[in-house]
Amino acid sequence: MGSRRFGAFVVYISILSTILELVFFNIFFDIERYSGPYPQLGAVLALYHKFTPRLHPKFFGILGYDFSEKSLTYGLCAQVMFAGGFSTFVPVMIGFLSGLCCVNFSANELPSIVYSLAGIIGKGIIIDEAPAIMMARSVQRGAGGNRQRRAAAPNGGVRAPAAPRPPPPPPPEETIALLTSMGFEREAVIRALQQTDNNVEAAANRLMG
């Protein structure tokens, strides 16, 4: 999505969820409520639900029912959703519905001046410079790497070339079938698995990117 589209997405869902909350609570309770960041949490959950694939459909099982690794995230979100009862459940669900509605509309980015102002505010207020001790450590690591390289080639000699890395084993057929079931082409799946040493999650991220 990128930072610009995600910023537009947050603005759009904030406006839409605020309107829906005001309408909902005024119709059913005749009050106005401010729910904090719960609509935004629901909108991010909508992105997770829509775009994050299930890499392990049988991650664990309970009473004969199989659950994927995404169930863990849904469980944590349910804890947050029901933490305050009705006052947190409704805003999260409104944010979830707003996220599904605005996910395609976020292709319409905000005016460039908005991003410029946000960048100025972020650099001046939110983002701090790295502490001096962290910078010193990074310099030390760089110096240590130079010393190691000099030690590996004493007297100015030329270092021997590193041995070529052996090719990774061929991807398992069940791994290929898992990724192709998500809609990716078989050749692209095999290439991504070979480039990531048959790591399913890294290959899925590469394919989606």
When only residues in segment 1-55 that are under 15 Å from the mean Cα position of the chain (by Cα) and modelled with pLDDT under 75 count, which is surrounded by the fewest Cβ atoms within 10 Å (Cβ to Cβ)?
2
For the structure I just gave you, tell me whether residue 60 is within 27 Å of residue 180 (Cβ to Cβ), without any contact (Cβ under 8 Å) to a residue 24 or more places away in the chain and either open to solvent by less than 80 Å² (accessible area, probe 1.4 Å) or over 17 Å from the mean Cα position of the chain (by Cα) (or both).
yes
Top-ranked residue of segment 72-82 - restricted to ones that are more than 22 Å from residue 103 (Cα to Cα) and not aromatic (Phe, Trp, Tyr), ranked as surrounded by the most Cβ atoms within 10 Å (Cβ to Cβ)
80
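The values are calculated or read from the model by the stated rules, or taken from the named source; none is laboratory data. This is a predicted model, so every value here is computed, not measured. Cβ coordinates were reconstructed from backbone atoms using ideal geometry, including for glycine residues, and neighbour counts include every protein chain displayed. Surface areas here come from the heavy atoms of the whole protein model, side chains and all, with no ligands, DNA or RNA. Shrake-Rupley method; radii C 1.70, N 1.55, O 1.52, S 1.80 Å.
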